[in-house]
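Trainee: Got a structure for you, questions after.
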Amino acid sequence: MDSLSGVRVVDAATLFAGPMAAMMLGDFGADVIKVEHPRRGDPARGHGASVDGVGLWWKTLSRNKRAAAVNLSVAEGQQILRSLAARSDVLVENFRPGTLERWHLSPAELHEINPRLVIARMTGFGQLGPMSGQPGFGTLAEAMSGFASSTGEPGGPPVLPPLALADGIAGLAMAYAVLVALKARETSGTGQVVDMAIIEPIMALLGPQMTAYKATGAVPRRTGNRSASNAPRNTYRSRDGRWLAISTSAQSIAERVVTLVGRPDLVQQPWFATGQGRVEHVDELDEAVGSWIAERDADEVIARFEQAQAAISPIYDVSDIAKDPQYSALESFVEVPDEELGQVTMQNVLFRLADSPGRVRWAGPPLGRHTAEVLGELGYDAERIGRLREQGVVA
């Protein structure tokens, strides 16, 4: 049995953070209804690579969802959302604060219809504060969180990630928040509002930067691929031109690495006993490790590290991932039948539950693919659906 079987989710969000949260709930059996504008659809449909005009990121982002095209800016569309809210457990939305209220779909009004509804509000800056009404995207969160300022080479410019990192982290956090709210509902009997600002979850992954700043005044600096907490930690190029990454977060691993590369004397240095001490001597450590790796081909380096039980990994691109035996053993990717493209490959669910594993049932559907089906469940007959379609309320 699917873990979230019987949970209905209305995904009225766009782009990445909110829809990703809904996707994760759908992966474990929730009935997710994706609500999009009849003409424009979710802008995520057009992001990234495509085949024959069909967006590939969309196929993953909206997998396991039923697609209903409804114009929420008109009264008839708002009534459809009310009807959906009345029979659902979760509503995920990312409209600017005040939009739902202007449409007479405020949390208070929705809770009058369905007191058990969990209303998950995903915005760039949250529902409160001087920036709450401004448009917010993951890029701004990456900039404002301290992530970009601490990423890049020393003396170089701050670096933004080439992907929707803050959105993805916020999506994970929202899925967690929704499950917490559903658990709380078991005791209280009522749903509640989840206020998620995309600028916040990414900070949780940056470590105790505010704690350290308040305690010591320290501001993280850019260190490239090096770590501010331990060394050696970097990327190193082998003799045959391949890049490798190593980590020495554990003291025992650090000792094994420098012993392997012919510098056991470093272990006896007083400063070597702590990660911070090793950071203060990072140039010496990087020279020892980097020169040893540069004299050997990558396969030999990896084999020697594995024999020494030290942590190392080749730096992969997607073509390497596709043929890696570890990902194959984990079944990290699945082939999914698709009505538009025939078949698509996508990443599998994020984790494996022993008794109620998630699964990808279908790929992201075409715009409005399930509109008639969803409206039929709400009691709309074919004539009424046809009339709404002619009026542009649905598609």
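Trainee: Give just the number: which of (1) free of Cβ contacts under 8 Å to residues at least 60 places away in the same chain; (2) in a loop (DSSP other than H, G, I, E, B); (3) within 30 Å of L100 (Cβ to Cβ); (4) more than 21 Å from the chain's Cα centre (by Cα) does T190 not satisfy?
Mentor: Exception for T190: condition (1).
Trainee: Quick one: how many residues across the range 271-296 are surrounded by fewer than 15 Cβ atoms within 10 Å (Cβ to Cβ) and of a type in the set (A, V, I, L, M, F, W, C)?
Mentor: Within the range 271-296, residues that are surrounded by fewer than 15 Cβ atoms within 10 Å (Cβ to Cβ) and of a type in the set (A, V, I, L, M, F, W, C) number 3.
Yes or no, residue by residue, for (1) surrounded by fewer than 17 Cβ atoms within 10 Å (Cβ to Cβ); (2) assigned to a helix (DSSP H, G or I):
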{"site": "L206", "(1), (2)": "yes, no"}
{"site": "A212", "(1), (2)": "yes, yes"}
{"site": "A215", "(1), (2)": "yes, yes"}
{"site": "P220", "(1), (2)": "yes, no"}
{"site": "T223", "(1), (2)": "no, no"}
{"site": "R226", "(1), (2)": "no, no"}
{"site": "A231", "(1), (2)": "no, no"}
{"site": "T248", "(1), (2)": "no, no"}
{"site": "S252", "(1), (2)": "yes, yes"}
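Trainee: Of the residues G156, G138, which is open to solvent by less than 50 Å² (accessible area, probe 1.4 Å), more than 22 Å from L81 (Cβ to Cβ) and over 22 Å from the mean Cα position of the chain (by Cα)?
Mentor: Sole residue among the options that is open to solvent by less than 50 Å² (accessible area, probe 1.4 Å), more than 22 Å from L81 (Cβ to Cβ) and over 22 Å from the mean Cα position of the chain (by Cα): G156.
Trainee: Can you list residue pairs whose Cβ atoms sit under 6 Å apart, with the first residue in the range 354-366 being under 20 Å from Q343 (Cα atoms) and the second being among the charged types (D, E, K, R)? Count only pairs 6 or more apart in sequence or on different chains.
Mentor: Pairs that qualify, where the first residue is under 20 Å from Q343 (Cα atoms) and the partner is among the charged types (D, E, K, R), are G358/D27; V360/R63; A363/K59; A363/R63; A363/D338; G364/K59; G364/R63.
Trainee: Among the residues of the range 360-377, is any β-branched (V, I, T) and either assigned to a helix (DSSP H, G or I) or farther than 29 Å from V51 by Cα (or both)? Before the answer, list the steps.
Mentor: Taking the range 360-377 as the starting set, the residues that turn out to be β-branched (V, I, T) are 360, 371, 374.
Right, trim to either assigned to a helix (DSSP H, G or I) or farther than 29 Å from V51 by Cα (or both) and you get 371, 374.
Scanning the range 360-377, I find at least one residue that is β-branched (V, I, T) and either assigned to a helix (DSSP H, G or I) or farther than 29 Å from V51 by Cα (or both), so the answer is yes.
Trainee: Please name all residue pairs, on different chains or six or more residues apart, with Cβ atoms under 8 Å, provided the first residue is in the range 305-318 and is over 15 Å from W243 (Cβ atoms) and in contact (Cβ under 8 Å) with a residue 12 or more places away in the chain and the second residue is loosely packed, with under 11 Cβ neighbours inside 10 Å and among the polar types (S, T, N, Q).
Mentor: none
Trainee: A further question on this structure: Being assigned to a strand (DSSP E or B) and in contact (Cβ under 8 Å) with a residue 60 or more places away in the chain is the filter; apply it to the range 35-54 and report the residue that is surrounded by the fewest Cβ atoms within 10 Å (Cβ to Cβ).
Mentor: Here the answer is V51.
Trainee: Taking the criterion of being of a type in the set (D, E, K, R), under 23 Å from V193 (Cβ atoms) and surrounded by 18 or more Cβ atoms within 10 Å (Cβ to Cβ), would at least one residue in the range 121-132 satisfy it?
Mentor: Yes, because at least one residue in the range 121-132 is of a type in the set (D, E, K, R), under 23 Å from V193 (Cβ atoms) and surrounded by 18 or more Cβ atoms within 10 Å (Cβ to Cβ).
Trainee: Restricting the search to the range 293-311, which residues are assigned to a loop (DSSP other than H, G, I, E, B) and over 33 Å from the mean Cα position of the chain (by Cα)?
Mentor: Of the range 293-311, the ones assigned to a loop (DSSP other than H, G, I, E, B) are 295-297, 308-311.
Passing the criteria: E295, R296, D297, A308.
The values are calculated or read from the model by the stated rules, or taken from the named source; none is laboratory data. Quick caveat, the model's predicted, so the values are computed rather than measured. Cβ atoms come from the backbone with ideal geometry, glycine included; neighbour counts cover every protein chain shown. Accessible surface is based on the protein model in full, side chains and every heavy atom, while ligands, DNA and RNA are left aside. Shrake-Rupley method; radii C 1.70, N 1.55, O 1.52, S 1.80 Å.
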